[in-house]
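I have placed the structure first, in the form of structure tokens, so that the comments after it can refer back to it.
The numbers here are math on the coordinates, done by the rules we state, and not lab data. As the structure is a computational prediction, the values presented were derived from the model and not from experiment. A quick note on method: Cβ atoms are made from the backbone with ideal geometry, for glycine too, and the neighbour counts reach across all protein chains shown.
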Amino acid sequence: MRQLRELTAAAPAVAPARDGTTNAISLPDAREFVPLYGPGSADRFVVALQATRLELPGLRDDVDTWDDLERVRDRVGPNTRTYLEDRA
């Protein structure tokens, strides 16, 4: 929660994923949003929105696939951990 508060307080701000895509955007007004997703989107958002780029460790890992989930397995909550253990 602290990192989300930090992102919100810095609006406009972008929290990039490890691969340069965008994991979170904070805007003072949602009407300022422009869809710039895809490879390199974090940098495009920073330029287009004149946003602060925040390197927030808790928002660096994008989880889109099972392999991604396995990579962050040691940092998931108890319900997700139980699900992963039952699935193994």
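Extending 7 Å from the Cα toward the beta-carbon at both ARG81 and TYR37 defines two label points whose distance is 3.0 nm.
Between ALA30 and TRP66, the simple spin-label model (points 7 angstrom out along Cα→Cβ) gives 3.5 nm. The angle between the Cα long axis of helix 78-87 and the main principal axis of the chain comes to about 50°, on a 0 to 90 degree scale.
The amide H of ASN23, built 1.01 Å from its N in the peptide plane, has ALA15, ALA17 as neighbours under 5 Å, considering only residues 5 or more places off or on other chains. Distance between the 7 Å Cα→Cβ label points at ARG53 and GLN3: 1.7 nm.
Treating each Cα of the chain as one equal point scatterer and applying the Debye formula with no solvent, the log10 of I(q)/I(0) at q = 0.14 Å⁻¹ comes out as -0.55.
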